[in-house]
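J.: This is the structure I want to talk about, given as structure tokens.
The values are calculated or read from the model by the stated rules, or taken from the named source; none is laboratory data. Note that the coordinates shown come from a computational prediction; the quantities given were computed from them, not determined experimentally. Every residue, glycine among them, receives a Cβ derived from its backbone with ideal geometry; neighbour counts consider all protein chains shown. Ligands, DNA and RNA are excluded from the accessible area calculation, which covers all protein heavy atoms including side chains. Shrake-Rupley method; radii C 1.70, N 1.55, O 1.52, S 1.80 Å.
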Amino acid sequence: MTAAFRRRAQVMIASVLIAFSGAFFGAFSGALAAAPADREVRIAMQLEPPILDPTSSAAAPIGELVYGNLFEGLLTLGEDGLPKPRLAQSWDVLDGGLHYRFQLRDGVRFHDGTVFDASVAKFAIDRARAPESPNPQRTSLAAITRVVASSPRVLDIWLRERSGRLPIALSSAALVMVAPATADNNRTTPVGTGPWRFDQWRRGDSVTLRRNADYWGAASTQTSTLERLRFRFIADPTAAYAALMAGDIDLFPNFPSPENLAQFRADRRFAVEIGSSEGETILAFNHRNPLLAQLAVRRAISHAINRQALIEGAMFGYGEPIGSHFPPRNAAYVDLTAASNFDPARARAVLAEAGIAPATIPPLRMKLPPTSYARRCGEILAAQLAAIGLRVQIQNLEWAQWLDQVYTRHDFDLTVIVHAEPQDYDIYGRDGYYFGYRSPAYQSLLRALDATSDPAEQRERLHAIQRRLSDDAVNGFLFQYPRLLVRRADLHGLGTNGIGGVELAGAFFEGASVDGQGASVGSGSRAASGPAGARWSFLALALVGAALAAAWLAWVGRRCDPGWLAARGVSLALTLVLASFVVFALVQLAPGDPARQILGLQADEATVAQLRRELGLDASWPGRYLDWVAGLLRGDFGNSITYRVPVSGLLLERLPLSVPLALYALLLAVAIAAPAGLGAAWRPGSRLDRFIDQLSQLGLAVPNFWLGLLLSLVFAVGLRWVPAGGFEGWGQGLSAGLASLTLPAIALALPQAAILARVLRGSLIDLGGEDFLRTARAKGAGDWRVLWRHALPNAALPLLTLLGLQLSFLLAGSVIIENVFFLPGLGRLLFQAVAQRDLVLVQSVVLLLVATVVLLSFIVDLSGRAADPRLARAGGRS
């Protein structure tokens, strides 16, 4: 190894140590210098909406975010399940229920200034009921013959037959009012009439809304001092707990971990509210199974279920028992739990009377979705059914598998699921629905309900509907899923609606000043710390990076054989072509229907088929592959099936996080491994060597996700030095960005540092008997100087190869860490794309990661050959 190369290696290692130290301490100082704010509420949601238009998808997170906040309908659904006036002041039912007349509010405008009147309402309803509309409520509008704007404030709807449930349909999130000029863009840039207007969507991280100063209902918002709402997406329950405890979140309307509520109740910083939702938790029976088609078997199973034990064991005491598919908070609810009370002796007697011997029945296949409530309920239900002799075989599925096997192909016996759509008892009248219940008597009850608009008659018929479902033991009705709301104790003025969402028009922080001068203690919102300085910093870093890349290319060009470079380039291209085919084929073979994933369980098959055609999913595999590859050659990755935006834009949003995170973690790994490896090799077999060896073994044994959770609890929840997760973006300043990435980088770096330290120690010890080191010692060099100046540069080449592999792993393998810290990076994007069956996005991200790994390996190989004089003299050939 030349003296010049040794000097370059030493400078590089020292620079890495200095750079990491400055970044690490700068990140913590930036976090500690952050200032709180009181004009923004940070709301957490477990799932990110795929789009922001509720008229195009029934995905529950869409309505949870925009219904009542950004979009409004003619009517709104109250918590009692009854429609209330919203953009329509009142309505009348005329001509025996065949004519509805709505009186609209005056002075309502959309966020872009468009006036809301009867012509706009007519457009929105006609658009929703169009034959090829993807609207989830399209079938509920089938009875409409015409919609007429009789005057600017009067809307008339005529029906071919009575539809008593029409007001309920018009109260749903799917039938909010949209303007003709902006309706087609609402998926990504929604424009509504609500008290909050769309500001920004940072996919994978947050959606920001800001106050609509021209809101028609301004009188209802006078108590609010807020200017912004920021909805953040936190899928991991432990991360949700950490974010609340660290002060990074002000409100979690549907908190996913009931086991943590006792801690929030004991903390005076928080308030916990327990309510009821529209979600019925059921043990669904597949009536296509001859055994479960027997009423006696279904009744026996219902009597074997201890609902209270389920609520205590699976939901930690939160939830309300139900005896039919109907929410207890609805004004028409009837308590029918006594009809299927817990009675194992009666269950066994029912089976005996029907001549069924449980021992002769094969195990029932219970296929469970990935939600925690389903998995916990499944284990308890299996034990309860075993008590009456019925064996259950549990199969845990991911959502795509559940939709494919259970919902689409009906390949199951039992499953546990929450049906969260408001007043969705009509699913029991659908032919071909996944649990296969067919009852002419029940369908007659639904028709009778539609045939009346009288509230008293509707209530009686709803009672009959509930009793029929209970008497037929259609499913095992378990409990009404609770609404678990956790908020800061000083946050008030929250409203709720019938679909389970929270409306924040009148929300305010107690003690917050109207002029914005007051500070809300503990809000944890971090102010920008020098966006302009951050831009200059990144510009300087980009210029330095470009200069280093140019110098590297010139150096490699001089020292490697051009023929060898060309051969490796061809090999690289062939590898990518083969990888593209393999990736595409594997993605297509994965189970699940993207169209069904987007539209949800309530969409009919015609709507799903229409969406498949729109997305091109009905085309042949070879055609789709060739179109995708042709697009890649043009630099076009295609459009995301879920988000409906170009994949290239999604990748560009995520790379500014994933690449710095990987480099930060790699710098940290080197900064830890270099002194550890040198220290261990300095005195082999000494106490220091044994101590470092034990630490490295610990680093290899500890999972990085567990380490990430521990770091979050200590430094974010306990000390509150850094955020518990999320990423504000580099526009908030370099120190703020590094503060968000510090804990994830440490969690990623420590296992890699352990590997590097052990490899470095082994390499240095192996070099200990080389002639050039003995010569250095003979000239009087001390042990440390021999290691640092002579041995370390010679051990750099194998470490360089390892560093390249580690950087590839950090880019592609940070999925779990990004979920633990809810970071909007490539790993989390890939995780969400797989869960949502976004085929185009999955294959594009995977191919990008494959290309990155191959390219990094190529760069490392080139650098190693160019740096080794022996290989350079041999023309790059070993």
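J.: Which residues does a label at residue 619 reach in the range 632-668, if reach means a backbone N under 18 Å from a point 7 Å past the Cα toward the Cβ?
T.: 632-648
J.: Further question on the same structure: Would you kindly derive the ³J(HN,Hα) couplings of the range 148-165 from the backbone phi angles with the Karplus curve 6.51 cos²θ - 1.76 cosθ + 1.60 (θ = phi - 60°), listing them in order in whole Hz, with x for Gly and Pro?
T.: Once rounded to whole Hz, the list reads 10, 8, 5, 7, x, 10, 10, 10, 10, 10, 9, 10, 7, 8, 4, 9, x, 8.
J.: Between residue 119 and residue 398, what FRET efficiency follows from the Cβ-Cβ distance if R0 is 56 Å, with the result rounded to 0.05? Walk me through the intermediate numbers first.
T.: Details: r = 46 Å, r/R0 = 0.82.
With a Förster radius of 56 Å, E is 0.75.
J.: Run the accessible area of the range 647-762 with a 1.4 Å probe and give the carbon-and-sulfur part as a rounded percent.
T.: Of the solvent-accessible surface of the range 647-762, carbon and sulfur hold 72 percent.
J.: Near residue 368, within a Cβ-to-Cβ distance under 10 Å, what is the net charge of the other residues, with Lys and Arg +1 and Asp and Glu -1?
T.: Values: positive: 367, 375, 376; negative: 379.
Charge balance in the 10 Å sphere: +2.
J.: Got a number for the accessible area of residue 452? Probe 1.4 Å, square angstrom, nearest 10.
T.: Solvent-accessible area, nearest 10 Å²: 10 Å².
J.: Still on this structure: Rolling a 1.4 angstrom probe over the protein chains, ignoring ligands and nucleic acids, what is the accessible area of residue 278 in square angstrom, nearest 10?
T.: Here the accessible area works out near 0 Å².
J.: Enumerate by residue number the trypsin sites (Lys or Arg not before Pro) in the range 404-474 meeting two conditions: DSSP loop (anything except H, G, I, E, B), and at most 12 other Cβ atoms within 10 Å of the site's Cβ.
T.: Working: sites: 409, 430, 438, 447, 459, 461, 467, 468; in loops: 409, 430, 438.
Those satisfying the criteria are 409.
J.: Also, I was wondering about something else. Highest mean first, what order results for 329-338, 571-580, 306-315 on Cβ atoms within 10 Å?
T.: 306-315, 329-338, 571-580
J.: Taking the solvent-accessible surface of protein heavy atoms with a 1.4 Å probe, what is the per residue accessible area of the range 109-164 in Å²? Spell out each step's value before the answer.
T.: On the way: 2470 Å² over 56 residues.
On a per-residue basis, the range 109-164 sits at 44 Å².
J.: What does the extension gain come out to for residue 409 and residue 343, with contour length at 0.36 nm per residue minus their alpha carbon separation?
T.: On the way: separation 66, 0.36 × 66 = 23.76 nm, distance 3.33 nm.
Contour length minus the Cα-Cα distance gives 20.4 nm.
J.: Tell me, what ³J(HN,Hα) does each residue in the range 501-511 have, in order and in whole Hz, if you take phi through Karplus 6.51 cos²θ - 1.76 cosθ + 1.60 with θ = phi - 60° and put x for Gly and Pro?
T.: Karplus values, whole Hz, x for Gly and Pro: x, 10, 9, 10, 4, x, 5, 7, 8, 4, x.
J.: In addition: Please turn the phi angles of the range 845-862 into ³J(HN,Hα) values with the Karplus equation 6.51 cos²θ - 1.76 cosθ + 1.60 (θ = phi - 60°), one per residue in order, whole Hz, x for glycine and proline.
T.: Here the 3J(HN,Hα) series is 5, 4, 5, 4, 5, 4, 4, 5, 4, 5, 5, 5, 4, 5, 5, 5, 4, 4 Hz.
J.: For residue 142 and residue 714 in one chain, what is 0.36 nm times their gap in residues minus the Cα-Cα distance, to one decimal in nm?
T.: Contour length minus the Cα-Cα distance gives 200.2 nm.
J.: Can you sort 199, 106, 53, 126 by solvent-accessible area, 1.4 Å probe, largest first?
T.: 106, 199, 126, 53
J.: OK, next. Round to the nearest 0.05 the FRET efficiency obtained for residue 199 and residue 765 when R0 = 51 Å and r is the Cβ-Cβ distance. Don't jump to the answer; show the numbers that get you there.
T.: On the way: r = 58 Å, r/R0 = 1.14.
Working from the Cβ atoms, E equals 0.30.
J.: To the nearest 0.05, how large is the calculated FRET efficiency for residue 588 and residue 857 if R₀ is 25 Å and r is the Cβ-Cβ distance?
T.: 0.40
J.: Can you give me the long-range amide H partners of residue 479? Hydrogens built in the peptide plane at 1.01 Å from N, cutoff under 5 Å, separation of 5 or more residues or another chain.
T.: 281, 322
J.: Amide H neighbours of residue 392 under 5 Å, counting only residues 5+ apart in sequence or on other chains, H built in-plane at 1.01 Å?
T.: Distant-sequence amide H within range of residue 392: 364.
J.: Pull out the extension gain between residue 663 and residue 375, defined as 0.36 nm times the separation in residues minus the alpha carbon to alpha carbon distance; nm, one decimal. Present the calculation step by step, with values, prior to reporting the outcome.
T.: On the way: separation 288, 0.36 × 288 = 103.68 nm, distance 3.78 nm.
Full extension of this stretch gives 99.9 nm more.
J.: With every protein chain left in place, what is the accessible area per residue of the range 703-750 in square angstrom, probe 1.4 Å?
T.: It amounts to 32 Å² per residue over the range 703-750.
J.: For residue 726, enumerate residues with amide H under 5 Å from its amide H, sequence gap 5+ or separate chain, H modeled in the peptide plane.
T.: For residue 726, whose amide H was placed from the backbone, the distant partners under 5 Å are 822, 823.
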